[in-house]
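All remarks here apply to the structure that follows.
The values are calculated or read from the model by the stated rules, or taken from the named source; none is laboratory data. Not measured: the values here are computed from a predicted model. Here the Cβ is made from the backbone with ideal geometry for all residues, glycine too, and neighbour counts use every protein chain on show. These accessible areas exclude ligands, DNA and RNA; they are computed on the full protein's heavy atoms, side chains included. Shrake-Rupley method; radii C 1.70, N 1.55, O 1.52, S 1.80 Å.
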Amino acid sequence: MIASTRPSRRWLFAAIILATVLGWCIVIGALAHGGQPDPPALRAAATLLDGAWRFRTGDDARWSDPLTDDSAWELIDLTAPPGSHDDDVGLPDHVSGWMAHGHPGYTGYAWYRRAVDVPAAPASWDILGPTQVEDGYELYWNGRLLGGSGRLGPHPRVVGTRPLQFALPADATGKRGILALRVFELTRAGTSPDGGGVHNAPILAPRPVGDALHRAQWDRTIAGYLVDAIEPLAMFVLIGLALGCRPRGHYRGFLAFASLALALTAVRRLDNALVSWTDLMDLPTYAWLATYLWMPTLAAWTLAWNRWLPRSSRVIDVAALIIMVAGIAGTLMHSASTTSASRFASIALFVVIGVRIARGGAMRVLALTTLALIVVAFFGGELLDPLGVPGIWFPFGIGVSRTQYLYAAFIPLLAWLVARTLDDRARPAPPRLVIDVAQGRAG
């Protein structure tokens, strides 16, 4: 007797629903926790070092020295408007960078300096470094390097800025000192008129308060990129599901290419969390992957959906590869027109696939809905921006991009679609009655 695939499908559907609900609950809980403002009692016990800072472009190691005359330097006000936050994660106390203060388009090194009075309290004191900096920085107290984000020097290695805590020297208590920030920004295409350098002020706090505020900063940073970690992990699990279903179901070509596309998509999404939480990846590597991994990922999805059809089209396969090459070439040549044309050509190709699925594909409604979600996720600029759909929402005060919302719906739908490839037609044929005629006997 041959077992039916229906019980295993029911278990798969139940597992998909349970995992989806659990994942959503974890994310909502993290957003609600991380989006809470810093406790007023902690902020009252700390000092936000906003206000006027001395500022100068260029780089000179002597500018960390407290005896340096900075009276001729410019002034930049790091006082944030009430309720301000950055437009990505939702980090508080956001201020405009140096490009909005008379240095449009400037990249490279610059320094910030100000005097800080440390209270004469019987406590150890910490400086919580700025959590929004383009792109790397070093923090000095009276000429002494306390630490920083990345590695600066002749060949800087800049990484994503995250919460950092620096202990002031024991003899700083009850004295005035000079706090200096050496900042480096990478040269990149499309710099923002609001960009450049420090975007929120450091905080001076006694040790227990500094520890608590540092944890709150990390809670906010983790919540801001948690979706970028959970969704890729879900994609890797989905790859396992697809590869597990492939030997026993239909659409083997679709499952193979979808697994490849999921792996590439997961890597692109996971990079956001990796660069924001760790120093494992520098910003140039992150930018390179975000720029050039996009085209192969898109081609893999095109090849996958082409194989959802009863008969895949070689023309679509060739067109997808040509579009991928054109998109890479346009990026290398910094040709906006070529890059834009390749994007619209990809949209047209997906429309053709969608029409073919509508005419003769299986599970049409589910397949077309899943296809539409991944297309809109990749082409939000072309399909959603004209409709005025915001690129980022801020539930609980934490930024969640529209792409993350789309993936939150796409992943369970694709899992459901993969599970449904294990249909009745995928069962082995029932055993046939075999009549064995041997010499001298019949069975």
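Pick from Arg311, Arg43, Arg220: which is most flexible by mean-square fluctuation in a GNM of the chain where alpha carbon atoms under 10 Å apart are linked?
Most flexible of the set in this elastic network: Arg311.
In nanometres, what is the gap between the two model label sites at Leu366 and Leu18, each 7 Å from Cα along Cα-to-Cβ?
That separation, rounded to one decimal, is 1.9 nm.
Tell me, what is the per residue accessible area of segment 236-385 in Å², probe radius 1.4 Å?
Counting only protein heavy atoms, the per-residue value for segment 236-385 is 45 Å².
Quick test of the membrane-span-like rule: which DSSP H helices of the chain reach at least 30 Å along their long axis (C-alpha atoms) with mean Kyte hydropathy at least -0.5?
6-34, 252-277, 336-360
Can you put Trp301, Trp277 in order of accessible area, largest first, using a 1.4 Å probe?
Trp277, Trp301
For segment 127-266, report the % of Cα-Cα distances exceeding 18 Å.
Here the long-distance tail beyond 18 Å is 68 percent of all Cα pairs in segment 127-266.
Would you be so kind as to identify which of Met295, Ala261, Ala273 lies farthest towards the positive end of the dipole of segment 246-296, taking Lys and Arg as +1 and Asp and Glu as -1 on Cβ and the Cα centre as origin?
Comparing the listed Cα positions along the dipole, Ala261 ranks first.
Given 0.36 nm per residue, what is the gain on full extension from Arg215 to Arg311 after removing their alpha carbon distance, in nm?
Difference between extended and current length: 29.0 nm.
Once label points are set 7 Å from the Cα along Cα→Cβ at both Arg176 and Leu75, what is their separation, rounded to one decimal in nm?
In this crude spin-label approximation the distance works out to 1.6 nm.
With a cut-off of 17 Å, note down the residues of segment 209-242 whose backbone N falls inside the zone around a label point 7 Å from the Cα of Ala123 toward its beta carbon.
Hits in segment 209-242 for Ala123 at 17 Å: 209-217.
Go through 130-142, 106-118, 324-336 and give me the packing order, highest mean Cβ count within 10 Å leading.
Top to bottom by mean Cβ count within 10 Å: 130-142, 106-118, 324-336.
Treating only the Cα positions of segment 193-238 as identical point scatterers, give the base-10 log of I(q)/I(0) from the Debye formula at each q in 0.15, 0.19, 0.21, 0.22 Å⁻¹.
Calculated log10 I(q)/I(0) at the listed q: -0.64, -0.79, -0.83, -0.85.
Using 12 Å as the cut-off for backbone N distance, which residues of segment 18-34 belong to the label zone defined by a point 7 Å from the Cα of Leu233 along Cα→Cβ?
It comes to 23-24, 26-27, nothing else.
Can you give the relative contact order of segment 88-188 as a percent, counting alpha carbon pairs under 8 Å and 6+ residues apart?
Computed over segment 88-188, the figure is 40 percent.
Counting only protein chains, not ligands or nucleic acids, how are Trp294, Trp53, Trp11 ordered by accessible area (probe 1.4 Å), most first?
Most to least solvent-accessible, the answer reads Trp11, Trp294, Trp53.
How much of Tyr292 can a 1.4 Å solvent probe reach, expressed as accessible area in Å² and rounded to 10?
50 Å²
Tell me, in nm to one decimal, what length is gained between Asp88 and Thr278 on full extension, where the rule is 0.36 nm per residue of separation less the Cα-Cα distance?
Extending this stretch completely gives an extra 66.6 nm.
Between Ala189 and Ala32, what is the FRET efficiency for a Förster distance of 35 Å, r being their Cβ-Cβ separation, to the nearest 0.05?
0.45
Taking every alpha carbon pair in the chain, what does the distance histogram look like in 10 angstrom bins from 0, in percent?
Computed distribution, short to long bins: 4, 18, 24, 20, 14, 10, 5, 2, 1, 1, 0, 0.
Set the Förster distance to 22 Å, then compute FRET efficiency between Ile347 and Ala409 from the Cβ-Cβ distance, nearest 0.05.
0.70
Please report the carbon-and-sulfur percent of the accessible area for the chain; probe 1.4 Å, protein heavy atoms only, DNA, RNA and ligands left out.
Solvent-exposed carbon and sulfur of the chain make up 63 percent of the total.
Roughly how many nanometres apart are two label points built 7 Å out from the Cα toward the Cβ at Arg144 and Leu332?
Here the answer is 5.2 nm between the modelled labels.
Based on the Cα coordinates of segment 244-395, what is the per residue volume of their convex hull in Å³?
150 Å³
How do Asp88, Asp38 stack up against each other in accessible area, from largest to smallest, with a 1.4 angstrom probe?
These residues rank, largest area first, as Asp88, Asp38.
Would you mind calculating the relative contact order of segment 376-415 from Cα pairs under 8 angstrom and at least 6 residues apart, reporting the percent as a whole number?
35 percent
Tell me, Kirkwood radius of segment 235-314 from alpha-carbon pair distances, in Å?
It is 13.7 Å.
Explain nothing, just the number: relative contact order of the chain, from Cα pairs under 8 Å at least 6 residues apart, as a whole percent.
18 percent
Can you tell which of Pro247, Pro206, Pro232 shows the greatest fluctuation in a Gaussian network model of the chain with Cα springs below 10 Å?
Among Pro247, Pro206, Pro232, the largest GNM mean-square fluctuation belongs to Pro247.
Calculate, in nm to one decimal, what Phe394 and Ala287 gain on full extension: separation in residues at 0.36 nm each, minus their alpha carbon distance.
Stretched fully, the Phe394-Ala287 segment lengthens by 36.1 nm.
Once ligands and nucleic acids are excluded and a 1.4 Å probe is used, how much of Leu384 is accessible, expressed in Å² to the nearest 10?
Counting only protein heavy atoms, Leu384 exposes about 30 Å² to solvent.
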